Amino acid sequence: MKLFSVNTYLLKAASLCGLLMFSTASYAELSCDELFEMRQAVGQLADAVDETFIFTRDDDEFLADVVELMYAVAEEEDNRTLFNAARDMERAWQREDADAYVDALDIVMIEVDDIYHFECGRKRR
């Protein structure tokens, strides 16, 4: 059985989520590099959750914090897709359903990727 701490692999994800939570800027004002890094960090989080068989108390608290951050970002950005993903993450966390949590993170990744392509593609024209 594989045991490792999700937190060990996700400091970057937490810092990027924190950046979004405490930022008053919209996604459009974040750099293309920041959007790309956020997508990568969310992907790393999804991979780490998917590969973890045993979650420590710290891991569990961290995953709950990510849910709260996602709600804050969704509200700040008035983004329904991110709000729905945060709701799905919260429900998955309550049920201790890692697969459903990862599915919701995948939705976040797709939405951030769409924002990246829209905002950064337009800037390059």
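The values are calculated or read from the model by the stated rules, or taken from the named source; none is laboratory data. These numbers come from a predicted model, not from an experiment. For neighbour counting, all protein chains shown are included, and Cβ atoms are generated from backbone atoms with ideal geometry for every residue, glycine included.
Once the stretch 49-71 is narrowed to residues that are part of a loop (DSSP other than H, G, I, E, B) and hydroxyl-bearing (Ser, Thr, Tyr), the residue that is surrounded by the fewest Cβ atoms within 10 Å (Cβ to Cβ) is THR56. Checking each residue in the stretch 82-125 for being among the aromatic types (Phe, Trp, Tyr) and closer than 18 Å to PHE62 by Cβ picks out TRP93, TYR101. Summed over the stretch 90-124, the residues that are within 14 Å of PHE55 (Cβ to Cβ) and under 12 Å from the mean Cα position of the chain (by Cα) give a count of 2.
Test each condition in (1) touching a helix residue (DSSP H, G or I) at 6+ places or on another chain (Cβ under 7 Å); (2) at pLDDT below 85; (3) more than 21 Å from HIS117 (Cα to Cα) for ALA13 and report the one that comes out false. It fails just one condition, (3). When ALA74, ALA46, ALA100 are screened for being modelled with pLDDT under 85, of a type in the set (Gly, Ala, Ser) and assigned to a helix (DSSP H, G or I), only ALA74 passes.
How many residues does the stretch 95-119 hold that are of a type in the set (A, V, I, L, M, F, W, C) and without any contact (Cβ under 8 Å) to a residue 24 or more places away in the chain?
Of all residues in the stretch 95-119, those of a type in the set (A, V, I, L, M, F, W, C) come to 98, 100, 102, 104-105, 107-110, 112, 115, 118.
Now narrow it down to the ones that are without any contact (Cβ under 8 Å) to a residue 24 or more places away in the chain: 100, 104, 110, 118.
The number of residues fulfilling the criteria is 4.
For the stretch 93-114, the candidate set comprises residues that are β-branched (Val, Ile, Thr) and over 17 Å from ALA72 (Cα atoms); within that set, the residue that is surrounded by the most Cβ atoms within 10 Å (Cβ to Cβ) is VAL102.
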